[in-house]
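The values are calculated or read from the model by the stated rules, or taken from the named source; none is laboratory data. In this text, all values refer to a predicted model and were calculated from it rather than measured experimentally. When we count neighbours, we look across all protein chains shown, and the Cβ atoms used for this are built from the backbone with ideal geometry, even at glycine.
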Amino acid sequence: MEYVYAAMLLNAAGKDISEQSMTEVIKAAGLTPDEAKVKSVVESLKGVDIKSVIENAQSMQVAAAPGKAEAKAEGKKESKAEAKSEAKSEEEAAGGLAGLFG
């Protein structure tokens with residue numbers, strides 16, 4: 001992850017993401033960079049607009065939020081009989097564990 005963070009820091013600072021700059025950032029963090037990983041990350045990020053990727057990732061998280069609210073609403077429709085049977089099974093499970101402690 002430190003390689004991705006280094007790339008994000010360089011991008012935020014408006015610097016070029018190169019092997020040398022990534023190596024310097026990783027060393028500045030007190031880590032020992034792996035040259036192969038640095039090279040791989042730099043090659044993978046060529047032509048990638050990091051700012052755009054981050055913005056799209058953030059918008060995806062926001063779009064997923066309404067689905068959770070719908071799931072909660074469906075969960076509230078649970079019948080009282082189901083709730084009681086679930087409570088009984090929890091009590092039975094807890095009762096079985098009490099025997100372990102004598």
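Looking at segment 44-57 only, could you name the residues that are exposed (fewer than 10 other Cβ atoms within 10 Å of the Cβ) and either over 24 Å from Y5 (Cβ atoms) or modelled with pLDDT under 85 (or both)?
Let us first name the residues in segment 44-57 that are exposed (fewer than 10 other Cβ atoms within 10 Å of the Cβ), namely 46-47, 52, 57.
Answer for segment 44-57, where residues must be exposed (fewer than 10 other Cβ atoms within 10 Å of the Cβ) and either over 24 Å from Y5 (Cβ atoms) or modelled with pLDDT under 85 (or both): just A57.
Among the residues in segment 13-23, are any modelled with pLDDT of 95 or more and closer than 15 Å to M1 by Cα?
Taking every residue of segment 13-23 in turn, at least one turns out to be modelled with pLDDT of 95 or more and closer than 15 Å to M1 by Cα.
Given the conditions (1) assigned to a loop (DSSP other than H, G, I, E, B); (2) surrounded by 18 or more Cβ atoms within 10 Å (Cβ to Cβ), which single one is not true for L10?
Evaluating L10 over (1) assigned to a loop (DSSP other than H, G, I, E, B); (2) surrounded by 18 or more Cβ atoms within 10 Å (Cβ to Cβ) leaves (1) as the failure.
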